[in-house]
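Novice: Before anything else, here's the structure in question.
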Amino acid sequence: MDTDNPLGRFLRARRALTSPQQTGLPQTGRRRVPGLRREEVAILSGVSTDYYVRLEQGRERSPSAQVVDALARTLDLDEDARAHLHRLAHPTGTVRRPAPGDERVSAALVSMMAGWHRTPALILGRRLNVLAHNALGAALFDGHTHSRDLLRLVFLDPSAREFYPDWEQIAAGTVAALRAGAAEEADDPRFAATVGELCLKSEEFARLWARHDVRHKTHASKRFHHRLVGELTLDYETLTVNSAPGQQLVVYQAAPDSTSEQALALLGSLTASDSAARDPHPAPER
C-alpha cells in the first residue's frame, strides 16, 4: 500500500501517463522518461520546479487547493481523479472502520432485495467482496471459483475472461473503483493485504494498480457470458448505503423486450426451479 507518500506516488504515476501532446507542449526529440518531466508539470501548473519536486518526494505535504486544481488541470484528471487528488493533499484524518469480520448488511436491505425477483442485486463491501445478494444476483455470478468476490473473480478466476467478454474494460474499471476508496482505507491491514495478494498473483492487476486510475462505480452497461443462459447485456446502477459507509448496492437490469431480458427471465426460472428442488416441502400458498 502507498502509506508513506501517497500524494507523491499519485503525482508520479499520473505524470508518467500524461503526454506532452495532451498539454500542448511541442515534441522535441527523444525523451528519457515517459510522460511529462517534473519541470514541465511545474511550469504548466504555475509553481516552481523545486516546490513540485518537494511535493513528489513528500517533503511538502500541504499544497493549497489552488495548486491542487492547477496540477489536476495539467495532468488532465477527470472529476473522480481530481477529487482523489484533493483527498490525498488534504486528508481529513483517520476514519474508524469496523473490526475485521464486522462488515454487516442491514436485514431490512436484504429483505428488500429478496423481493426483486426480476432484478439481480448485490451488496459489495469495501474490497468489492459480495456481502449479500438476492436469488437472481447469486445466479448471475454463480459457477465461478470466486463468485462471492468480484475483485478476485476478475483477476484470479480462470473463467473470468469468458464470463466477461469485455475483460480489459472490466479489469480497468474494477481497479479504478478499488483505488477510489484507497485513501479512506490506508490504515486497514485487510485492504493492504488484498492489494498485496493481487499484485503478487496477477500481473494485470499490478500494472493497473500502478497507474493510479480513480473512478467510482456509478452506472454503465456490462456484458456477460453466462454458462446457463448465454449472452447478457445489463445496465447497472451503483448506490451507496448510507447506513453502512463503504458498502454499495449494485442493481442490474436488462433493456425491455431485449434478448437479455429473456435470458434474465430464463435464469430466474432456473433459479426458482433449483430452489424448489432443494425444498421439497414449500410453504403452502395463502
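Novice: Would you mind computing, in nm to one decimal, how far apart the modelled labels at L200 and D235 are, each placed 7 Å from Cα along Cα→Cβ?
Specialist: Result for the modelled spin labels: 4.3 nm.
Novice: What FRET efficiency would be calculated for the residue pair R59, A220, taking the C-beta separation as r and a Förster radius of 45 Å, to the nearest 0.05?
Specialist: 0.70
Novice: When the helix-only estimate is applied to the chain (DSSP H runs of n ≥ 4, each -39,500 (n - 2.57), divided by the residue count), what is the mean residue ellipticity at 222 nm, nearest 500 deg cm²/dmol?
Specialist: -13500 deg cm²/dmol
Novice: What are the ³J(HN,Hα) values, in whole Hz, obtained from phi via the Karplus relation 6.51 cos²θ - 1.76 cosθ + 1.60 with θ = phi - 60°, for each residue of region 195-207 in sequence order, with x given for Gly and Pro?
Specialist: So the Karplus estimates, Gly and Pro as x, are 4, x, 4, 5, 5, 6, 8, 9, 5, 5, 4, 4, 5 Hz.
Novice: Further, regarding this structure: Starting from the Cα of S258, step 7 Å along the direction of its Cβ; do the same at T49; then give the gap between the two resulting points in nm.
Specialist: For the pair S258/T49, the computed spacing is 5.2 nm.
Novice: Just the projected area, averaged over all directions, of the convex hull on the alpha carbon atoms of region 6-89: how many nm²?
Specialist: 5.1
Novice: Any chance you could check the Cα centroid distance between region 166-180 and region 41-58 for me, in angstrom?
Specialist: Distance between centres, Cα-based: 30 Å.
Novice: Counting only C-alpha contacts under 8 Å and six or more residues apart, can you give the relative contact order of region 6-89 as a whole percent?
Specialist: 34
Novice: Just want the answer: with Cβ charges of +1 for Lys and Arg and -1 for Asp and Glu, which residue in P120, A176, A220 is farthest toward the dipole's positive end in the chain?
Specialist: Projecting each Cα onto the dipole axis, the largest value belongs to A176.
Novice: Any idea how far apart A108 and R227 come out in nm if each label point goes 7 Å out from Cα toward Cβ?
Specialist: So the label points at A108 and R227 sit 3.8 nm apart.
A short reminder: the numbers here are calculations on the coordinates, not readings from a lab. Owing to the predicted nature of the structure, the values given are computational and were not obtained by experimental measurement. All Cβ positions, glycine included, derive from the backbone under ideal geometry; neighbour counts span all protein chains shown.
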